[in-house]
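Okay, structure first, notes after.
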Amino acid sequence: MSDPTSLQMVASKALGGAEYWFHRFSLALAERGAPTEVAIRRGSGPDRLDFGSLPVHRLPFRTTWDPLSRHAVSQLIARLRPDIVQTYMGRATRLTHPSRRGRAIHLARLGGYYELGPYRHAHGWIGNTKALCDWMIQQGLPAERVYHLYNFADQARPVAPERVAQLRALHAIPDDAWVMVTLGRFVPFKGHTHLISAMARLPQTIAGRSLRLIMLGDGPLAAPLRQQVIESGQDPRIVWAGWQSDPAPYLQMADLVVFPSLDAEPFGNVILDAWAWGKPLVTTNFRGAREVARHGEDAWCVPCEDAVALASGIQETLADPALMIEIAERGHERAEREFSRAAILSQYLELYRRLAGGCGR
């Protein structure tokens, strides 16, 4: 059976984790040869991304109740006649109501514990953790139409050493300094304030090497976080690198990846990023980490919202070269075995084929 056709739709105005996953996933489907088209909000953050040769449809997506936006979505589905319409976030999902006379199966993909009202009319729901799927079922969604599919880890794409050296010089990072990297939007549940507090508790050197923390991201908490860094005296040790659409050079530079999220974090692609790059990971024990990470085996896990424990975890890891190698190697093995692009895409396409074959409603 040939791969079903799919229309991937997101209506977000700004870029965040869900929108970047939408972009990565759509491109991966196309690279796999699965017939795929995308619909995005005209003039939005996703509209600035490069979708390669993928057909891109730019719709108004103004409000969830806008009749013109809903009509545009319905007309696009009627014209393309996809087997699968997969929507991301509430706005695109609310506006999607495939005709009962059509063949399209509407899948709503959730990456967090959202209010389910905007999603209940879909034909099926995809959750990217087992815990999220269990929660959706507890909230009344039919278990036989809730599907668990993890995100995939992008394979590491090493960059030229000269490029890494240039960035290191740009940020005035000493050659012998430990480089720690954290990635994520500057929003409360990402836990950056606790990481900065942890930095203030760390010694000036560990195993004879100074410390630098590269903050990859941006968001509404940028100003308060910068103020916290100054007030805590950590300004010389913090590098503000901004939001990076391609963090590869920084991940290649990293000696350690730190992920300080609070328990509200549903999954956390940073875990997969660290594993894909073969980097040791210190992470808080938020929901997603409890489900996939194994303390002392493929990550060093500490309690959420505990700067003292986070500082201790960073110090213990950096001071133990054997531990760093072990958790990095085991994490990399898991990324290739369980979370590879090929493995996760095969699971998605298997679901698409099954639903397109008539078992989806």
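The table for this structure:
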read-out: In region 69-84, the residues that are part of a helix (DSSP H, G or I) and either in contact with a strand residue (DSSP E or B) (Cβ under 7 Å, 6 or more places away or on another chain) or buried (at least 17 other Cβ atoms within 10 Å of the Cβ) (or both); value: SER69, ARG70, ALA72, VAL73, LEU76, ILE77, LEU80
read-out: Close pairs (9 angstrom Cβ cut-off, 6 or more residues apart or separate chains): more than 13 Å from SER197 (Cβ to Cβ) in region 218-231, charged (D, E, K, R) and open to solvent by less than 50 Å² (accessible area, probe 1.4 Å) anywhere; value: GLY219/LYS190; LEU221/LYS190
read-out: Single unsatisfied condition, LEU262 versus (1) aliphatic (A, V, I, L, M); (2) touching a Gly at 6+ places or on another chain (Cβ under 6 Å); (3) open to solvent by less than 10 Å² (accessible area, probe 1.4 Å); value: (3)
read-out: Unique residue being over 19 Å from the mean Cα position of the chain (by Cα), of a type in the set (Lys, Arg) and at pLDDT 95 or above when the list is ARG290, ARG354, ARG334, ARG361; value: ARG354
read-out: Boolean, VAL38 is among the β-branched types (Val, Ile, Thr), open to solvent by less than 10 Å² (accessible area, probe 1.4 Å) and over 21 Å from PRO220 (Cβ atoms); value: yes
read-out: All positions within region 33-47 that are farther than 25 Å from TYR352 by Cα, touching a residue at least 12 places away in the same chain (Cβ under 8 Å) and not in a loop (DSSP other than H, G, I, E, B); value: none
read-out: Close pairs from region 308-320: first assigned to a helix (DSSP H, G or I), partner crowded, with 21+ Cβ neighbours inside 10 Å and of a type in the set (Ser, Thr, Tyr), Cβ under 8 Å, at least 6 apart; value: LEU310/THR284
read-out: Among the candidates ALA207, ALA153, residue that is in contact (Cβ under 8 Å) with a residue 60 or more places away in the chain, on the phi > 0 side of the Ramachandran plot and either in contact with a helix residue (DSSP H, G or I) (Cβ under 9 Å, 6 or more places away or on another chain) or surrounded by 13 or more Cβ atoms within 10 Å (Cβ to Cβ) (or both); value: ALA207
read-out: Residues of region 106-141 satisfying the condition of being of a type in the set (Val, Ile, Thr) and open to solvent by 10 Å² or more (accessible area, probe 1.4 Å); value: ILE137
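One line per residue, one yes/no per condition, for (1) farther than 30 Å from LEU7 by Cα; (2) surrounded by fewer than 18 Cβ atoms within 10 Å (Cβ to Cβ):
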| position | (1), (2) |
| --- | --- |
| HIS295 | yes, yes |
| ALA299 | yes, no |
| PRO321 | yes, yes |
| GLU329 | yes, yes |
| GLU333 | yes, yes |
| ARG337 | no, yes |
| SER346 | no, yes |
| TYR352 | no, no |
| GLY358 | no, yes |
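The values are calculated or read from the model by the stated rules, or taken from the named source; none is laboratory data. Small disclaimer: the values here were computed from a predicted structure and weren't measured. Every residue, glycine among them, receives a Cβ derived from its backbone with ideal geometry; neighbour counts consider all protein chains shown. With ligands, DNA and RNA removed, areas are computed over all heavy atoms of the protein, side chains included. Shrake-Rupley method; radii C 1.70, N 1.55, O 1.52, S 1.80 Å.
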